[in-house]
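The next block holds one structure in the form of structure tokens; read it before the comments.
The values are calculated or read from the model by the stated rules, or taken from the named source; none is laboratory data. All values derive from a computational prediction rather than experimental measurement. Methodologically, a virtual Cβ is constructed for each residue, glycine included, from the backbone with ideal geometry; neighbour enumeration extends over all protein chains shown. All accessible areas refer to the heavy atoms of the entire protein, side chains included, with ligands and DNA or RNA removed. Shrake-Rupley method; radii C 1.70, N 1.55, O 1.52, S 1.80 Å.
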Amino acid sequence: AQSVTQLGSHVSVSEGALVLLRCNYSSSVPPYLFWYVQYPNQGLQLLLKYTTGATLVKGINGFEAEFKKSETSFHLTKPSAHMSDAAEYFCAVISGTYKYIFGTGTRLKVLA
Amino acid sequence: NAGVTQTPKFRVLKTGQSMTLLCAQDMNHEYMYWYRQDPGMGLRLIHYSVGEGTTAKGEVPDGYNVSRLKKQNFLLGLESAAPSQTSVYFCASSLSRKNQPQHFGDGTRLSIL
């Protein structure tokens, strides 16, 4: 069965610093992986997705993630944090055809 | 372009009351989902539907019922609300092809007193 683990429920970075949010997955088949962002009082918005092909995936707002099969990881990065990046981030994997398994989320705080 | 719309946005109920949450999508998506979001637990799937007239149980279905009489609407019902159902409820939809992302509504914040 597929599963997702997000390491660190809270991450703080200084404005302008590197953002690294960790996601590890478990899957018996080639996974489809997603990162979503949730701003306060809003629903989840898709940041980026990995299906097949290039392992480095670029998303919106300057975020990117790299699929590493050997490490079963799909970490989210951004070279330089902005105050507007403060939000909660969720990693997800598709289980079967239409069920999504979400991680428990990482709340990113950006310090001025 | 509305996407996924949830009604109502906020609601306070007393224990034992019933209510229905409405989700409407205008993207002609086949799949629709109901999740609940609780602190530290991520999103947990309550029920889902893979097409008009079909529904299935998710991870935490107890105390909830759903219906999908029209392709664009997915209703979530609480028959007899309990304080443990205090949560934020999200509806999502997606195309039926594999690897398609889900599109989310803005949520319904429900408090059961």
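Values as computed for the structure displayed
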quantity	calculated
Residue match in region A:61-83 (condition: touching a strand residue (DSSP E or B) at 6+ places or on another chain (Cβ under 9 Å) and within 11 Å of chain B (Cβ to nearest Cβ))	no
Any pair with Cβ under 6 angstrom, 6 or more apart, that starts in region B:26-48 at a residue that is within 10 Å of chain A (Cβ to nearest Cβ) and ends at one that is charged (D, E, K, R) and not in a strand (DSSP E or B)	B:Arg44/B:Glu59; B:Leu45/B:Glu59
Residue in region A:11-22 that is within 14 Å of another protein chain (Cβ to nearest Cβ), in contact (Cβ under 8 Å) with a residue 40 or more places away in the chain and either surrounded by fewer than 21 Cβ atoms within 10 Å (Cβ to Cβ) or under 30 Å from B:Thr55 (Cβ atoms) (or both) present	no
Test: residue in region B:76-90 that is within 12 Å of another protein chain (Cβ to nearest Cβ) and either closer than 23 Å to A:Gln2 by Cβ or surrounded by fewer than 20 Cβ atoms within 10 Å (Cβ to Cβ) (or both)	yes
Extreme residue, modelled with the lowest pLDDT, among residues of region A:88-112 that are among the small types (Gly, Ala, Ser) and surrounded by fewer than 20 Cβ atoms within 10 Å (Cβ to Cβ)	A:Gly96
Of all residues in region B:60-75 being away from every other protein chain (no Cβ under 14 Å) and part of a strand (DSSP E or B), the one that is surrounded by the most Cβ atoms within 10 Å (Cβ to Cβ)	B:Val66
Any hit, region B:13-24, residues being assigned to a loop (DSSP other than H, G, I, E, B), out of contact with any helix residue (DSSP H, G or I) (no Cβ under 6 Å at 6 or more places or on another chain) and within 22 Å of A:Phe34 (Cβ to Cβ)	no
Members of region B:95-109 found to be surrounded by 21 or more Cβ atoms within 10 Å (Cβ to Cβ) and either among the small types (Gly, Ala, Ser) or away from chain A (no Cβ under 14 Å) (or both), listed by number	B:Gly105, B:Gly107
Any chance A:Ser80 is loosely packed, with under 15 Cβ neighbours inside 10 Å, part of a strand (DSSP E or B) and in contact (Cβ under 8 Å) with a residue 60 or more places away in the chain	no
Any chance A:Thr72 is modelled with pLDDT under 95, closer than 15 Å to A:Leu21 by Cα, hydroxyl-bearing (Ser, Thr, Tyr) and open to solvent by less than 60 Å² (accessible area, probe 1.4 Å)	yes
Within region B:1-54, considering residues that are charged (D, E, K, R) and over 18 Å from B:Ala92 (Cβ atoms), the one least open to solvent (accessible area, probe 1.4 Å)	B:Arg11
Members of region A:23-58 that are open to solvent by 10 Å² or more (accessible area, probe 1.4 Å), assigned to a strand (DSSP E or B), within 13 Å of A:Phe74 (Cα to Cα) and more than 8 Å from every other protein chain (Cβ to nearest Cβ)	A:Asn24, A:Tyr25, A:Ser26, A:Tyr50, A:Leu56, A:Val57, A:Lys58
